1. Look at region 208-230 and say how many of its residues are under 16 Å from the mean Cα position of the chain (by Cα) and polar (S, T, N, Q).
2. Got at least one residue in region 63-80 being at pLDDT below 85 and of a type in the set (Gly, Ala, Ser)?
3. Mind telling me which of the residues 304, 248, 288 ends up being more than 16 Å from residue 372 (Cα to Cα) and either open to solvent by 40 Å² or more (accessible area, probe 1.4 Å) or not hydrophobic (A, V, I, L, M, F, W, C) (or both)?
4. Could you list all residues from region 164-178 that are under 15 Å from residue 19 (Cα atoms) and either open to solvent by 30 Å² or more (accessible area, probe 1.4 Å) or small (Gly, Ala, Ser) (or both)?
5. From the list 111, 88, exactly one residue is more than 14 Å from residue 58 (Cβ to Cβ) and either touching a residue at least 24 places away in the same chain (Cβ under 8 Å) or not in a helix (DSSP H, G or I) (or both). Which is it?
6. Find all pairs meeting these conditions: Cβ atoms under 8 angstrom apart; at least six residues apart or on different chains; first residue within region 35-62 and free of Cβ contacts under 8 Å to residues at least 60 places away in the same chain and open to solvent by 50 Å² or more (accessible area, probe 1.4 Å); second residue in a helix (DSSP H, G or I) and of a type outside the set (Phe, Trp, Tyr).
7. What's the number of the condition residue 19 fails, among (1) under 16 Å from the mean Cα position of the chain (by Cα); (2) open to solvent by 30 Å² or more (accessible area, probe 1.4 Å); (3) farther than 30 Å from residue 350 by Cα?
8. Hey, can you tell me all the residues within region 201-225 that are at pLDDT below 85 and either part of a helix (DSSP H, G or I) or under 13 Å from residue 368 (Cα atoms) (or both)?
Amino acid sequence: MNINSPDLSRRKVIIAGISALILTVGIARFTYTPFLPLMLEQAGLSTLAGGWLATFNYSGYLLGVILIAWISDLELKFKLYRLNLILAVLSTIAMGMTTHVVLWSLFRLIAGLSSTAGIILAAGFVMSWLKRHQFRGNLGLHFSGLGLGIAIPGMAIVWMNHHLDWALQWVVMGIFGLVFFIPAWRWMPAPVKQAEQHDSQFKPPSRSWMNLMIAAYFCAGVGYVVSATFIVAILEHMPALAGWGDWIWVILGLTAVPSCVVWDKISHRLGETSALIASYSILLISIIIPALTNSLWLNVLGAILFGGTFAGVVSLMLVFIGHKFPHNPAKAMAKLTISYGIAQITAPAIAGYIATLTGSYSGALWLAAACMAVGIACLWQIHRISRDGENAV
């Protein structure tokens with residue numbers, strides 16, 4: 001059957017996008033977080049090197065975003081998407097085949113590059129196909145793959161921790177990725193170029209508004225990446241939570257599954273800026289909790305709050321900027337994504353240094369919390385500008 005045929009089911013297209021997210025983001029990129037404590041214990045990885053490996057991972061992601069922004073040929077983008085699916089599987093398996101930090105860094109860089117297939121390319125292909133066939137865009141449903149990408153591999157890791165060493169776990173996880181590789185490869189519709197439409201009366205937001213958005217998203221990137229990279233290691237270091245880290249990671253992922261759909265509904269009810277401020281505030285609380293307490297149940301609550309907001313922030317931001325730049329959303333989204341990517345490169349390395357110097361992750365968490373507070377201040381300013389603009393009209 002022709003992959004671009006209208007007879008191709010909507011369900012298969014959405015499953016393809018979700019599968020791409022689970023493989024390239026959930027497995028190739030996110031499984032490093034629950035694997036990190038075991039690598040620190042068994043593979044001779046230092047806390048500082050652990051932070052640097054995360055930095056290389058996010059450097060690959062930023063490199064992929066910039067590459068995608070430069071490529072205008074849709075056919076070439078689709079080839080890149082499929083190449084990244086292959087790289088996601090191979091880079092995951094390769095992590096268990098060596099103990100060389102330089103090679104680990106290379107494989108994390110490749111894994112980060114591959115993650116653009118799910119979070120950017122797949123999202124665009126799925127949305128394009130849905131619109132072309134008169135379906136409602138399901139961006140929130142697509143991004144449920146972020147939560148599933150945490151929960152499904154997380155449950156596998158809980159089992160593997162009792163039976164396999166760190167190296168074999170990486171290899172098995174890469175092979176497990178083939179389950180999602182197949183639908184992501186076979187059911188993803190190739191993009192079709194469509195005529196652009198222009199509105200001479202459209203007036204884009206000011207440069208200061210855009211700069212505030214970029215700053216706010218950078219802050220969200222810092223807040224997200226510190227927790228996403230170190231949350232399992234942080235919890236495992238707490239005596240009351242030893243052995244619970246992987247399960248809390250699973251809980252976090254399960255909470256993230258419906259979060260984008262929920263935040264989409266909240267946005268329609270409260271307005272886009274109000275929803276963003278609320279999501280940033282909840283994310284801030286989730287970061288502060290493990291810095292303040294070793295309580296099992298409070299940290300479970302923190303994981304639930306984090307899981308219920310981090311993917312929602314991404315979805316809300318991309319939808320918001322798309323509404324503001326309806327005729328050329330890709331360029332505006334690229335600027336935001338690059339700022340988010342820069343935060344993901346710098347923050348893990350800094351957090352690793354702080355943890356090494358202090359012997360604790362608390363300093364890194366408070367740094368992330370401070371950045372989230374700055375991000376909330378930026379969003380309040382955006383809210384004020386938007387409100388004043390409406391009043392002026």
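1. Number satisfying all stated conditions: 2.
2. Yes; the residues of region 63-80 include at least one that is at pLDDT below 85 and of a type in the set (Gly, Ala, Ser).
3. Being more than 16 Å from residue 372 (Cα to Cα) and either open to solvent by 40 Å² or more (accessible area, probe 1.4 Å) or not hydrophobic (A, V, I, L, M, F, W, C) (or both) holds for just one of 304, 248, 288, which is 304.
4. Of everything in region 164-178, those that are under 15 Å from residue 19 (Cα atoms) and either open to solvent by 30 Å² or more (accessible area, probe 1.4 Å) or small (Gly, Ala, Ser) (or both) turn out to be 174, 175, 176, 177, 178.
5. None of the other options fit; the residue is 88.
6. 56/105; 56/106; 56/108; 56/109; 56/112
7. All conditions are met except number (2).
8. Matches in region 201-225: 207, 225.
The values are calculated or read from the model by the stated rules, or taken from the named source; none is laboratory data. What you see is a predicted model, and the numbers here were worked out from it, not measured in a lab. Glycine gets a Cβ as well: all are built from the backbone with ideal geometry, and neighbour counts include every protein chain shown. Accessible surface areas use protein heavy atoms only, side chains included; no ligands, DNA or RNA. Shrake-Rupley method; radii C 1.70, N 1.55, O 1.52, S 1.80 Å.
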